[in-house]
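Visitor: Can you read through this structure? Questions will come right after.
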Amino acid sequence: MKKPKPFDTPRVAFFTLGCKVNQFETACLAEKFKALGWETVSFKEEAELYLINSCAVTAEAQRQSAQMVRQAARNHPDSLIAASGCACQLFPETFQKIRGVDVISGTFTKMDLPDLFGDRKKEEGPRILLQEGTKRPLAPQFPLPGGKTRAFLRIQDGCNGSCSYCLVPKARGGSRSLPEKEVLEGIKFFSAKGVKELVLTGIHLGQYGADLHPEGHLVSLLAKALSSHPELSIRLSSLEPQEISPDFLDLFEIYSNLCPHLHIPLQSGDDGILKKMNRTYSSEYYAELIHTIHKKIPLASIGADVIVGFPGEGEGDFLRTLNFISDLPMSYLHIFPFSPRPGTPAANFPDQINRKVMEERLKILKDLTIKKQQAFIGCCLNREFSALCLQEAGENGWSKVLTENYLTVSIQNRLEKNERTRVVLLSFDRGEIKGAIAGSPEIMDTLPPT
């Protein structure tokens, strides 16, 4: 039994894979460790504990999770190594085989980790902390970001869906929501601490409130939050298309602090493939929704997830998806090759797609998303947006800001991190958007006459 190199203050380093909920949970873990006297350091620094928060949404994410655990164990043989999260929940045997791992924790036990390392000693074999799918209520947790610029607040977890390719319901259990009172308390807390933008997140955010008694609703929750905190920008993680109602879209006209940015998973533009995926909407429904959003909020950023190479996706099916997306006013795409996940129906579907064909289709869609991004940015040039400084100006004098519609812009103005301003986008070249503070002398001659 070895003891890791001691520090005056015990140090923990995190590596997080996967979704925004995982990022939120890592932030919660960091706060719990801090309360016990630990210091969080970069994963590249020396630490007494390395904790990898894993993901299993694709085979590649699972592979990367295991790879990071192996790397940490190999590079820091005398340090404590902990693996947690969805990949550990579903495939613990993968991590048990990795030499040097001290603790393997699933999705529902990861918040217990900080209390396990009081003695900071390595054991001979890994401790396994696993629970099966749970309906345990969500605990209110409000982790502050380091720079107090943007924070995540998990208001929902789990999923009641049954997509034929997805392991998330098995990894995270059924849908459960944080009661409205506790959400509003969290929002008030973040605002009081100086956070300027809050991202409300969940595994299936549109299911928020359906499990509460009395039942809650995302639209009514948002209306209360936005009206109570006009000083705070609120951004949402992804929403399923069938959960975006007219009442929800009306919020963007009523409240200027609701960020005009929507991520709406598509997965396929072919109805036959959507049916095999067990998605609960048609391509026509999706297209009508996107056009409605674009008409109502013309400069909103609209993103989508797309799966390439789903079993049975013929050339015609792929071309229908390609043409379908080409005709929509999308801003960006997150593109994933189909990944057969053990235990899902789709893993055993016939007509699995050849890897080479899948890679060719991936390239075509990646080229399309570049064109979509360029077109969207082009529509935003010479226009003014609210923005938040993410990175103060360095030696080159350029600050990085994030606009309300999710564009990262370089401006040659010295701003402080977390400072809110209004910017005008001026140019886009070599992947970089440049702008300036609205009303500043350097942009007055560049703007077209009104």
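Visitor: Provide Rg and Dmax in Å for segment 101-173, with only Cα atoms included in the calculation.
Guide: 15.7, 44
Visitor: By how many nm would the segment from Thr280 to Arg127 grow when fully extended, if each residue of separation counts as 0.36 nm and the alpha-carbon distance is taken off?
Guide: Contour length minus Cα-Cα distance gives 51.0 nm.
Visitor: What list of whole percents do you get for P(r) of segment 138-191, with Cα-Cα distances grouped in 5 Å bins up to the one holding the largest distance?
Guide: Pairs per bin, as whole percents: 4, 18, 22, 16, 15, 13, 9, 3.
Visitor: Need one value: the accessible area of Phe24 in square angstrom, 1.4 angstrom probe, rounded to the nearest 10.
Guide: Answer for Phe24: close to 0 Å² accessible.
Visitor: Something else about it: Would you mind calculating the gained length between Asp351 and Glu288 on full extension (0.36 nm times residue separation, minus the Cα-Cα distance), in nm to one decimal?
Guide: 19.6 nm
Visitor: Using C-alpha positions alone, give me the convex hull volume of segment 100-221 per residue in cubic angstrom.
Guide: Spread over its residues, the Cα hull of segment 100-221 gives 152 Å³ apiece.
Visitor: Also, I was wondering about something else. Starting from the Cα of Ala35, step 7 Å along the direction of its Cβ; do the same at Lys295; then give the gap between the two resulting points in nm.
Guide: 5.0 nm
Visitor: Can you pull the percent of segment 155-224's accessible area that's carbon plus sulfur, 1.4 Å probe, other chains left in place?
Guide: Percent of accessible area from carbon and sulfur atoms in segment 155-224: 58.
Visitor: What number results when the radius of gyration of segment 272-405, computed over Cα atoms, is divided by 2.2 N^0.38 Å?
Guide: Here the answer is 1.29, to two decimals.
Visitor: Tell me, what is the per residue accessible area of segment 264-309 in Å², probe radius 1.4 Å? If you can, show how the numbers build up before the last one.
Guide: On the way: 1750 Å² over 46 residues.
Result: 38 Å² of accessible area for each residue.
Visitor: Let me ask you something else. Give me the extension gain from Ala375 to Glu231: residue separation times 0.36 nm, minus the current Cα-Cα distance, reported in nm with one decimal. Working shown, then result.
Guide: Numbers: separation 144, 0.36 × 144 = 51.84 nm, distance 3.10 nm.
Taking 0.36 nm per residue and subtracting the Cα distance, the gain is 48.7 nm.
Visitor: If you rank Thr408, Thr26 by how much accessible surface each has, with a 1.4 Å probe, what is the order from largest down?
Guide: Result of the area sort, largest leading: Thr408, Thr26.
Visitor: Check Gln267: other-chain or 5+ apart residues with amide H under 5 Å from its amide H, H built from backbone geometry?
Guide: Residues meeting the criterion, in which the H sits 1.01 Å from N, are Asp305, Val306, Ile307.
Visitor: How far apart, in nm, are the 7 Å Cα→Cβ label points at Glu359 and Arg414?
Guide: The two pseudo-label positions are separated by 4.9 nm.
Visitor: Another question, then. Pairs Lys170/Lys400; Lys32/Lys366; Lys32/Lys417; Lys372/Lys400; Lys97/Lys121; Lys20/Lys188: which exceed 28 Å Cα-Cα?
Guide: Checking Cα-Cα distances, Lys170/Lys400; Lys32/Lys366 exceed 28 Å.
Visitor: When the C-alpha atoms of segment 207-331 are aligned to their principal axes, what extent does each axis show, in angstrom, from largest down?
Guide: That works out to 51, 35, 19 Å along the principal axes.
Visitor: If I histogram all Cα-Cα distances within the chain using bins 20 Å wide from 0, what percent of pairs lands in each bin?
Guide: 23, 55, 22, 0
Visitor: Do any cysteines of the chain lack a neighbour Cys whose Cβ is under 4.7 Å away, and which are they?
Guide: Those would be Cys19, Cys28, Cys55, Cys86, Cys88, Cys159, Cys259, Cys379, Cys380, Cys389, since no other cysteine Cβ in the chain comes under 4.7 Å of theirs.
Visitor: Can you give the percent of C-alpha pairs in segment 156-271 whose distance is more than 23 Å?
Guide: Beyond 23 Å sits 31 percent of the P(r) for segment 156-271.
Visitor: What are the principal axis extents of the Cα atoms in segment 1-85, in Å, biggest first?
Guide: In descending order, the Cα extents are 39, 27, 21 Å.
Visitor: Same structure, new question: So, in nm, how far is label Asp367 from label Met111 when the simple model puts each one 7 Å beyond its Cα toward the Cβ?
Guide: So the two model labels end up 4.8 nm from each other.
Visitor: So in segment 1-152, what percent of DSSP beta bridges are antiparallel if you round to the nearest 5?
Guide: Percent antiparallel among DSSP bridges in segment 1-152 is about 0.
Visitor: Which value, in debye to the nearest 20, gives the size of the charge dipole of segment 122-251 about its Cα centre, when Lys and Arg are +1 and Asp and Glu are -1 at the Cβ?
Guide: Dipole magnitude for segment 122-251 comes out near 500 debye.
Visitor: How large is the translational diffusion coefficient of segment 1-146 in µm² per second when you combine the Kirkwood radius over alpha carbon pairs with Stokes-Einstein at 10 °C and 1.306 mPa s?
Guide: The diffusion coefficient I find is 105 µm²/s.
Visitor: What does the accessible area of Glu123 come to, in Å² to the nearest 10, when a probe of 1.4 Å is used?
Guide: 70 Å²
Visitor: Highest mean first, how do 433-439, 337-343 rank when packing is the count of other Cβ atoms within 10 Å averaged over residues?
Guide: Final packing ranking: 433-439, 337-343.
Visitor: May I pose another question? If one computes the Cα centroid of segment 374-419 and of segment 9-83, what distance in Å separates the two points?
Guide: 30 Å
Visitor: Can you compute the charge dipole magnitude of segment 87-193 about its Cα centre, using +1 on each Lys and Arg Cβ and -1 on each Asp and Glu Cβ, nothing else charged? Give it in debye, rounded to the nearest 20. The partial results should precede the final answer.
Guide: On the way: 18 positive and 12 negative charges, 67 e Å.
Using Cβ point charges on Lys, Arg, Asp and Glu, segment 87-193 gives about 320 debye.
Visitor: Could you tell me the calculated FRET efficiency between Gln67 and Asp8, based on Cβ-Cβ distance and R0 = 30 angstrom, to the nearest 0.05?
Guide: For R0 = 30 Å, the calculated efficiency reads 0.40.
Visitor: Return the FRET efficiency for the residue pair His213, Ser162: r is the Cβ-Cβ distance, R0 is 35 Å, and the value is rounded to the nearest 0.05. Mind dumping the intermediate values first?
Guide: Details: r = 24 Å, r/R0 = 0.68.
E between His213 and Ser162, to the nearest 0.05, is 0.90.
The values are calculated or read from the model by the stated rules, or taken from the named source; none is laboratory data. Note that this is a predicted model, so its numbers are computed, not measured. Please note: Cβ atoms are built from the backbone with ideal geometry, for glycine as well, and neighbour counts cover all protein chains shown. To get the accessible areas, we keep the full protein, side chains included, count just its heavy atoms, and leave off ligands, DNA and RNA. Shrake-Rupley method; radii C 1.70, N 1.55, O 1.52, S 1.80 Å.
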